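**Q** I have a structure I would like to understand better, so I am pasting it below and will then ask my questions one at a time.
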Amino acid sequence: MGPTLRYSMPAALFALAAALSLPAMAALYKWTDANGRVVYSDQPPPGGVKSEVVGPAPPPANPNAVKEMASQDQEMRKRQLDRAEAEKKAEKDRSLATRRQDLCLIVRGKIKDLGASQVAVYKYNDKGERVYMDDAERRKEIEANQELEKKYCAG
């Protein structure tokens, strides 16, 4: 359970309990009883004793509070999922960019090695034997690697 969800559940339950208890609350009454004691109650005094209303009645509860809370919770979860997907995509993009950079360096190194005319360049045949590359094969290999360089090193 994520940290945001851990805190949102108790908050939602508290808001629900508060919303359900609001209709039960009434005005607060104050009066003096027969013994001279000041009495506070949410019920009016019995027997027509003179009283005063100390606190106003609370505003009526929002009948749509639970629906609004559920909607907000759903929107929050959607934002969390969207953020997680965006982070996952960004990580994948970073990984691909790193891979492209690595391939670019490899291709450029091959082009440099193949272009060095004073160095003998070998390749391996089907049998795994080392075979010398002549100038025509070198040029062909350089051109193929230049195409890869355009692909991996562009932008």
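**Q** Would you confirm whether or not the stretch 52-71 contains a residue that is over 30 Å from Ala27 (Cβ atoms) and surrounded by 11 or more Cβ atoms within 10 Å (Cβ to Cβ)?
**A** Scanning the stretch 52-71, I find at least one residue that is over 30 Å from Ala27 (Cβ atoms) and surrounded by 11 or more Cβ atoms within 10 Å (Cβ to Cβ), so the answer is yes.
**Q** For Ala61, only one of the following conditions fails: (1) without any contact (Cβ under 8 Å) to a residue 40 or more places away in the chain; (2) touching a Leu at 6+ places or on another chain (Cβ under 6 Å). What is its number?
**A** Every condition holds for Ala61 apart from (1).
**Q** Condition (residue is among the acidic types (Asp, Glu) and surrounded by 10 or more Cβ atoms within 10 Å (Cβ to Cβ)) applied to the stretch 115-129: is it met by at least one residue?
**A** No: zero hits.
**Q** Shifting gears a bit: Just to confirm my filter: which strands (runs of 3 or more DSSP E) fall fully inside the stretch 27-124 and include at least 2 residues that are farther than 30 Å from Glu141 by Cα and more than 38 Å from the chain's Cα centre (by Cα)?
**A** 28-32, 38-41, 52-55
**Q** Restricting the search to the stretch 126-155, which residues are in a loop (DSSP other than H, G, I, E, B), more than 30 Å from Ala97 (Cα to Cα) and at pLDDT below 90?
**A** Of everything in the stretch 126-155, those that are in a loop (DSSP other than H, G, I, E, B), more than 30 Å from Ala97 (Cα to Cα) and at pLDDT below 90 turn out to be Met133, Asp134.
**Q** Taking the condition of being over 15 Å from Leu148 (Cβ atoms) and out of contact with any strand residue (DSSP E or B) (no Cβ under 9 Å at 6 or more places or on another chain), how many residues in the stretch 94-127 meet it?
**A** 11
The values are calculated or read from the model by the stated rules, or taken from the named source; none is laboratory data. Quantities reported herein were computed from a predicted structural model and do not represent experimental measurements. When we count neighbours, we look across all protein chains shown, and the Cβ atoms used for this are built from the backbone with ideal geometry, even at glycine.
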